[in-house]
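The values are calculated or read from the model by the stated rules, or taken from the named source; none is laboratory data. Note that the structure is predicted; figures quoted are calculated from it, not measured. Glycine also receives a Cβ, built like all others from the backbone with ideal geometry; neighbour counts cover every protein chain displayed. SASA here: full protein model, heavy atoms, side chains in, ligands and nucleic acids out. Shrake-Rupley method; radii C 1.70, N 1.55, O 1.52, S 1.80 Å.
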Number of protein chains: 2
Amino acid sequence: MDLITLTGYLAGTLTTVSFIPQVLRTWKLRETKDFSLIMLLLFAAGMLLWTAYGIWINSFPIIAANVITFGLVLFLVGMKIRYQ
Amino acid sequence: MDLITLTGYLAGTLTTVSFIPQVLRTWKLRETKDFSLIMLLLFAAGMLLWTAYGIWINSFPIIAANVITFGLVLFLVGMKIRYQ
């Protein structure tokens, strides 16, 4: 694997993994008041488009990172709707 | 501009713009308890790497989106440290 792809994977791992402590915190606190629902929805929509972009430019790091993060953000959207 | 680049710009606009209602909400509420600091820091670090990746693969949408979002997330990090 070349350094460029490795950087992409590392970047994707960081931005994706970052949502795990957030999901755990939200699950524990059951509080989402500080989150903006519009932010979560726009961010999720953006990630769907990033996935399409990743498919088009044939970048697996972009596809993988966005698909997984999309799932984690969708969980936060659910928690926000339920516990706001 | 081709459809691929347009999708990249639209994706970048959505994921970047999404942080604006969040920054406004955090600025208004002055509350960041629900945010995970580790999440914000890992996410910011990931965006620096995405920027490097964008420079390498010569993708302006990736560079622009990550530089701007990095600034907005840095603001949230500052608010989290000050108001947690």
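Filter the stretch A:73-84 down to the residues that are hydrophobic (A, V, I, L, M, F, W, C) and open to solvent by less than 40 Å² (accessible area, probe 1.4 Å) and list them by number. Let's see the steps before the verdict.
Looking only at the stretch A:73-84, we keep the residues that are hydrophobic (A, V, I, L, M, F, W, C), and these are A:73-77, A:79, A:81.
Hits for the stretch A:73-84 are A:Val73, A:Leu76, A:Val77, A:Met79.
So in the stretch B:33-48, with the set limited to residues that are assigned to a loop (DSSP other than H, G, I, E, B) and not hydrophobic (A, V, I, L, M, F, W, C), which one is nearest to A:Thr7 (Cα to Cα)?
B:Ser36
Look at A:Ser36 and say whether it is of a type in the set (Gly, Ala, Ser) and more than 16 Å from B:Thr16 (Cα to Cα).
Values: of a type in the set (Gly, Ala, Ser): yes; more than 16 Å from B:Thr16 (Cα to Cα): no.
Spelling it out, it is not the case that A:Ser36 is of a type in the set (Gly, Ala, Ser) and more than 16 Å from B:Thr16 (Cα to Cα).
Would you check if there is a residue in the stretch A:49-72 being aromatic (Phe, Trp, Tyr), open to solvent by less than 80 Å² (accessible area, probe 1.4 Å) and closer than 21 Å to B:Val77 by Cβ? Write out each step before concluding.
Start the filter on the stretch A:49-72 by keeping residues that are aromatic (Phe, Trp, Tyr), which leaves A:50, A:53, A:56, A:60, A:70.
Keeping just the survivors that are open to solvent by less than 80 Å² (accessible area, probe 1.4 Å) gives A:50, A:53, A:70.
With the extra rule that they be closer than 21 Å to B:Val77 by Cβ, the set shrinks to none.
Looking through the stretch A:49-72, none of the residues is aromatic (Phe, Trp, Tyr), open to solvent by less than 80 Å² (accessible area, probe 1.4 Å) and closer than 21 Å to B:Val77 by Cβ.
Quick one: what pairs do we get from the stretch B:11-26, first residue without any contact (Cβ under 8 Å) to a residue 40 or more places away in the chain, second outside any helix (DSSP H, G or I) and among the hydrophobic types (A, V, I, L, M, F, W, C), C-beta under 9 Å, 6+ apart or different chains?
Between residues of the stretch B:11-26 that are without any contact (Cβ under 8 Å) to a residue 40 or more places away in the chain and residues that are outside any helix (DSSP H, G or I) and among the hydrophobic types (A, V, I, L, M, F, W, C), the close pairs are B:Arg25/A:Phe35.
Yes/no per residue for (1) of a type in the set (A, V, I, L, M); (2) farther than 20 Å from A:Lys80 by Cβ; (3) at pLDDT 95 or above:
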residue	(1), (2), (3)
B:Tyr9	no, yes, no
B:Gly12	no, yes, no
B:Leu24	yes, no, yes
B:Asp34	no, no, yes
B:Leu37	yes, no, yes
B:Leu72	yes, no, yes
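Pairs only if they're at least six apart or on different chains, beta carbon under 8 angstrom, first in the stretch A:42-59 and touching a residue at least 24 places away in the same chain (Cβ under 8 Å), second outside any helix (DSSP H, G or I) and of a type outside the set (Ser, Thr, Tyr); list them, first residue then second.
A:Ser59/B:Ile57
Mind checking which residues of the stretch B:21-49 are of a type in the set (A, V, I, L, M) and closer than 19 Å to A:Thr69 by Cβ? Show your work before the answer.
We begin by selecting, within the stretch B:21-49, every residue of a type in the set (A, V, I, L, M); these are B:23-24, B:29, B:37-42, B:44-45, B:47-49.
Correct list: B:Leu37, B:Ile38, B:Met39, B:Leu40, B:Leu41, B:Leu42, B:Ala44, B:Ala45, B:Met47, B:Leu48, B:Leu49.
Please list, ordered by first then second residue, the pairs with beta carbon atoms under 8 Å, 6 or more apart or interchain, first in the stretch B:62-84 and free of Cβ contacts under 8 Å to residues at least 60 places away in the same chain, second of a type in the set (A, V, I, L, M, F, W, C) and open to solvent by 70 Å² or more (accessible area, probe 1.4 Å).
That search, which allows pairs on different chains as well, returns B:Ile63/B:Ile55; B:Asn66/B:Leu48; B:Phe70/B:Leu48; B:Leu72/B:Ile20; B:Val77/B:Leu41; B:Met79/B:Trp27.
Of the conditions (1) without any contact (Cβ under 8 Å) to a residue 40 or more places away in the chain; (2) within 8 Å of another protein chain (Cβ to nearest Cβ), A:Asp2 fails just one. Which one is it?
It is condition (2) that A:Asp2 fails.
Across the stretch B:49-84, what is the total count of residues that are facing another protein chain (nearest Cβ under 8 Å), in a helix (DSSP H, G or I) and more than 15 Å from the chain's Cα centre (by Cα)?
Counting residues in the stretch B:49-84 that are facing another protein chain (nearest Cβ under 8 Å), in a helix (DSSP H, G or I) and more than 15 Å from the chain's Cα centre (by Cα) gives 2.
Where residues in the stretch A:5-48 are of a type in the set (Lys, Arg) and facing chain B (nearest Cβ under 7 Å), which of them is surrounded by the most Cβ atoms within 10 Å (Cβ to Cβ)? Spell out the reasoning first.
At the first step, the residues of the stretch A:5-48 found to be of a type in the set (Lys, Arg) are A:25, A:28, A:30, A:33.
So of that shortlist, the ones also facing chain B (nearest Cβ under 7 Å) come out as A:25, A:33.
Values: A:Arg25: 17, A:Lys33: 13.
Filtering the stretch A:5-48 for residues that are of a type in the set (Lys, Arg) and facing chain B (nearest Cβ under 7 Å), the one surrounded by the most Cβ atoms within 10 Å (Cβ to Cβ) comes out as A:Arg25.
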